[in-house]
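Engineer: I'd like to ask you about the structure that follows.
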Amino acid sequence: MGMGIIKIANAKQKLKRSLTPKKNGFLDFPKKGHFAVYVGETNRRYVIPISTLDHPLFRELLHWAEEEFGFENSEGGLKIPCSEDYFEGLISLISST
């Protein structure tokens, strides 16, 4: 049981480090094999592995995002309509499987 909590804590730390603000105010491009999503009301940026796209739970979240925002997004970026806590929990769950 303790190892599961440690894995979740480690996954949350990795997600927090994935926020990549630069000194000049612009964000870096995600490293190869990753992509950025914007989550919650504040549009917090997370960089996650492309392999996440294969997981059924993440696909359901993408479907939810499509219903909320559609494919036409003039602001750019992939927006996920859920809280940051929910997203971090989902990514932790996906990472541990």
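Engineer: For Cys82, enumerate residues with amide H under 5 Å from its amide H, sequence gap 5+ or separate chain, H modeled in the peptide plane.
Structural biologist: Gly40
Engineer: What nm value, rounded to one decimal, do you get for the distance between Ser51 and Glu66 when each label is placed 7 Å out toward the C-beta?
Structural biologist: 2.5
Only the coordinates and a few stated rules stand behind these numbers; no lab work does. Fair warning: this is a prediction, and the values are worked out from it, not measured in the lab. Methodologically, a virtual Cβ is constructed for each residue, glycine included, from the backbone with ideal geometry; neighbour enumeration extends over all protein chains shown.
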